[in-house]
Amino acid sequence: MKKYIAIIICAVLSGLTSCKKFLEENPRSDISPGVFYKTESQAKAAVTGCYKGLESQFLSVFFGLSISDWISVETLPGFATRTLVNNAEDIQFTDLTKIEATNSYVAGQWKDNYLPINNCNSVIQNLTSSGVLDEATKSKMLGEVYFLRAYYYFQLVRLFGDVPLRTVPATTLEESSAPRNKQETIYNQIVSDLKQAEGAGLPTLPQDNSGRVTVTAVKSLLAKVYLTMAGAPLNKGTEYYQLAYDKAKEVITSNDAGLIPNLSDILTPAYENKVENIFMVQRQMPNAPSMMHYSMLPIPTPQVPLGAYNDRSGAMQIKQEFYNSYRPNDIRNDQHYLYDYVYPENGNHYIMVYKYWDGTAINTGDSGANIPLIRYADVLLIAAEARAMIDGGSTSDATAIQAYNAVHTRAVPGDNKATITFDDVFRERFWEFCFENQTWFDMKRTLKTMDVPSGNIVNMIGYKAPAHGRPFEETDLYLPIPQVEIDANPRILEPAQ
């Protein structure tokens with residue numbers, strides 16, 4: 001942990017961010033209250049610095065290949081593998097061999113969330129005591145940061161389970177040494193932060209599409225947190241399914257968001273930070289380009305270049321079994337995947353992810369397209385799933401049916417349902433949100449997965465996914481605490497409090 005805490009303490013050296021609509025605000029992730037919190041613009045730049053952590057899991061690079069921590073987690077469900085797997089760390093994820101505490105992707109996931117959490121803690125502490133802002137402005141700024149801290153903790157607790165809860169900035173190595181807290185404690189803090197953000201006076205999505213946090217995003221994430229708490233491992237059940245349904249319904253009935261008619265338009269500039277894209281990682285060319293575009297493309301040989309990509313792309317290959325699970329009339333089959341790409345080196349056929357395609361990036365290898373984190377389609381399926389669970393596994397509730405059909409018929413026109421089951425909704429989630437940082441977490445909270453290519457929903461534990469070398473076990477549900485953390489903070493191994 002010393003390595004990463006030292007990075008946190010020295011975050012003054014990394015005051016850059018990628019937020020497209022507010023790049024010009026000189027964002028800062030190092031916050032010294034005596035030096036920096038003197039004007040409203042300085043305070044706003046400090047808040048902007050807290051957004052930087054959103055990009056970390058998606059945009060890490062190693063030897064020119066986009067092999068981010070996000071992609072490693074995307075291989076855990078077992079429906080995709082890495083196109084080039086040439087080291088033990090990759091194989092631990094792609095084949096579901098034992099993931100070691102020394103795996104750098106594990107350390108990356110830990111760092112990617114705790115670094116921005118410490119920045120959020122610093123801003124909350126210093127902004128709260130600042131006298132340069134009127135109370136309404138201060139409340140809104142704090143609301144943004146409370147949301148971001150909740151988002152980062154939500155990532156951590158779902159990946160690692162019991163983790164240390166830190167709500168004040170760590171300024172010394174001694175302050176960073178702490179035992180883990182139980183998952184319920186972490187979730188309670190997440191809910192508390194989101195409720196704080198919900199009442200902070202933030203604008204709605206139509207009022208502000210700059211890419212900053214809106215109350216629409218807050219309510220959407222809170223609905224998802226409630227849905228997660230209803231399932232494993234907390235298993236809070238009907239009460240929390242009701243909370244998830246009610247919160248999702250608030251977003252639905254507000255009409256502040258909506259579905260984009262054509263799935264292929266989701267990443268186009270016309271829909272950035274609006275309509276379906278409730279919350280996104282902000283990117284901008286040339287100042288803050290994204291590698292998501294070429295990380296999903298086939299890796300060409302130097303003799304057969306693909307635009308400006310050379311050997312930097314093609315991080316994930318979809319298993320044929322998962323591709324075949326889509327129904328024949330589901331248009332997502334064509335819109336999500338580049339099918340039957342032939343590698344010139346060996347003549348093999350591969351299926352690649354196409355949903356992040358950005359045609360404007362062909363000549364540069366970099367994309368300015370934002371990356372979706374919260375989509376309105378997710379809110380609709382949260383409402384549908386929660387209502388089905390409240391009603392015993394199936395429902396004819398009008399809101400739930402309308403929500404489910406809106407997503408389903410966009411992909412399968414005309415196939416409206418009058419009654420839906422949990423299996424219907426869960427299957428839809430696999431097909432709609434594949435490779436969007438969703439599937440692994442859906443599987444963990446339900447302990448269910450989708451058998452492919454049949455499309456049947458089955459128990460996760462004991463199921464062998466097509467990309468894996470063995471069936472899932474309970475020990476696979478959480479990543480190990482990184483060895484670097486254990487070495488510097490032995491208290492991390494104490495029983496969770």
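Couple of notes before you dig in:
- ARG375 satisfies every condition listed in (1) among the basic types (Lys, Arg); (2) more than 23 Å from LEU263 (Cα to Cα); (3) crowded, with 21+ Cβ neighbours inside 10 Å except (2).
- Any hit, segment 349-356, residues being buried (at least 16 other Cβ atoms within 10 Å of the Cβ), farther than 29 Å from ALA223 by Cβ, within 26 Å of the chain's Cα centre (by Cα) and modelled with pLDDT under 75: yes
- Top-ranked residue in segment 72-91 [being more than 21 Å from ASN437 (Cβ to Cβ) and polar (S, T, N, Q); ranked as modelled with the lowest pLDDT]: ASN86
- Where ASN456 falls short, out of the listed (1) under 20 Å from ILE71 (Cα atoms); (2) over 24 Å from the mean Cα position of the chain (by Cα): (1)
- VAL458 vs. criteria within 20 Å of ASN324 (Cα to Cα), surrounded by fewer than 19 Cβ atoms within 10 Å (Cβ to Cβ), modelled with pLDDT of 95 or more and not charged (D, E, K, R): yes
- Criterion applied to ARG327, ARG387, ARG332 was being surrounded by 21 or more Cβ atoms within 10 Å (Cβ to Cβ), modelled with pLDDT of 90 or more and more than 20 Å from the chain's Cα centre (by Cα), and the one residue passing it is ARG387.
- Residues in segment 98-136 that are at pLDDT 90 or above and outside any helix (DSSP H, G or I): LYS98, ILE99, GLU100, ALA101, THR102, ASN103, LEU133, ASP134.
- Just one residue in the set THR94, THR137, THR102, THR128 is in contact (Cβ under 8 Å) with a residue 12 or more places away in the chain, over 19 Å from GLU55 (Cα atoms), polar (S, T, N, Q) and touching a strand residue (DSSP E or B) at 6+ places or on another chain (Cβ under 8 Å); that residue is THR94.
- Selection status of GLY414, farther than 15 Å from LEU263 by Cβ and touching a residue at least 24 places away in the same chain (Cβ under 8 Å): no
- Pair list, Cβ under 9 Å, 6 or more apart: segment 345-362 residue closer than 21 Å to LEU263 by Cα and hydroxyl-bearing (Ser, Thr, Tyr), other residue surrounded by fewer than 16 Cβ atoms within 10 Å (Cβ to Cβ) and at pLDDT below 65: TYR354/TYR339
- For segment 435-453, filtering for residues that are of a type in the set (D, E, K, R) and outside any loop (DSSP other than H, G, I, E, B) leaves 4.
The values are calculated or read from the model by the stated rules, or taken from the named source; none is laboratory data. In this text, all values refer to a predicted model and were calculated from it rather than measured experimentally. All Cβ positions, even for glycine, are placed from backbone atoms using ideal geometry, and neighbour counts span all protein chains on display.
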